[in-house]
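Starting off with a structure, shown below.
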Amino acid sequence: MSVVKTIAISNLAFRGGNEKIDDCNNGNFLRIIIMITEFDPLMQEHLRHIRKKEIQYHYLGHNIQNEMMQLLAGEVKNIILEIVKSAKYFSIILDCNPDVSHEEQMSLISRCVNVSTSLIKVEEFFIIFVKVVETIGESLFNTLDFNNVREGKPMKTVLT
């Protein structure tokens, strides 16, 4: 999990062109795992088994990486929602732009007075991207259920 957090915080790509352990184009996740084997005998033994094809499932592939990213994303979203729920004042910011496939997407951002730390400050938090069909205000408003933001309940089609 620490490898996933490090890569995410550094805003690096997880995967390369393949998932082969000793390929130079296998991505940052596997590169860091290989580096860890220099210091961790247990991980060194695990990679030895993989290289000798003694194990079939090594739990270092893209599915496990995706699962770890989703777990971390869920935790981050929960922390953000707790901050928004505890704020006396908050606002929701919606912005629409087409993505690379030219489909319209709305980004949902919350701005609030963060009182969860000793230093009280106004902060903005990105919540989620949502694909939308129309970008007019009424359509975007109908995508959301603002009352549920405050209660921490799932918003229609957004936080579920």
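In the set L47, L94, which member is in contact with a helix residue (DSSP H, G or I) (Cβ under 8 Å, 6 or more places away or on another chain) and either assigned by TED's automatic domain parsing to the domain that holds I120 or part of a strand (DSSP E or B) (or both)? So that I can check it myself, show each step before the final result.
On the way: L47 fails: either assigned by TED's automatic domain parsing to the domain that holds I120 or part of a strand (DSSP E or B) (or both).
That would be L94, the only listed residue that is in contact with a helix residue (DSSP H, G or I) (Cβ under 8 Å, 6 or more places away or on another chain) and either assigned by TED's automatic domain parsing to the domain that holds I120 or part of a strand (DSSP E or B) (or both).
Still on this model: Can you find a residue that is exposed (fewer than 12 other Cβ atoms within 10 Å of the Cβ), touching a residue at least 12 places away in the same chain (Cβ under 8 Å) and assigned to a loop (DSSP other than H, G, I, E, B) anywhere in the range 55-78?
no
If you don't mind, another one. When you scan the range 19-40, how many residues do you find that are farther than 20 Å from N66 by Cα and aromatic (F, W, Y)?
1
What pairs can you find where one residue is in the range 84-99 and within 13 Å of L140 (Cα to Cα), the other is not in a strand (DSSP E or B), and their Cβ atoms are less than 8 Å apart, with a gap of 6+ or different chains?
Close Cβ pairs (under 8 Å, with a partner that is not in a strand (DSSP E or B)) amount to I92/L144; I92/F146; I92/V149; L94/L140; L94/L144; C96/V132; C96/T135; C96/L140.
Let me ask something additional. Might you check whether a residue that is under 18 Å from the mean Cα position of the chain (by Cα) and either closer than 30 Å to F125 by Cα or not aromatic (F, W, Y) (or both) occurs anywhere in the range 15-23?
yes
When you scan the range 24-46, how many residues do you find that are loosely packed, with under 13 Cβ neighbours inside 10 Å and within 15 Å of H58 (Cβ to Cβ)?
2
Here's a follow-up. All but one of (1) in a helix (DSSP H, G or I); (2) in contact (Cβ under 8 Å) with a residue 12 or more places away in the chain hold for R15, so report the exception by its number.
So R15 meets the others, but not (1).
Somewhere in the range 97-109, is a residue over 22 Å from S2 (Cβ atoms), surrounded by 15 or more Cβ atoms within 10 Å (Cβ to Cβ) and in contact with a Pro (Cβ under 8 Å, 6 or more places away or on another chain)?
Yes, some residue in the range 97-109 is over 22 Å from S2 (Cβ atoms), surrounded by 15 or more Cβ atoms within 10 Å (Cβ to Cβ) and in contact with a Pro (Cβ under 8 Å, 6 or more places away or on another chain).
The values are calculated or read from the model by the stated rules, or taken from the named source; none is laboratory data. Values in this document were obtained by computation on a predicted structure and should not be read as measured data. In this analysis, Cβ positions are derived from the backbone assuming ideal geometry, glycine residues included, and neighbour counts consider all displayed protein chains.
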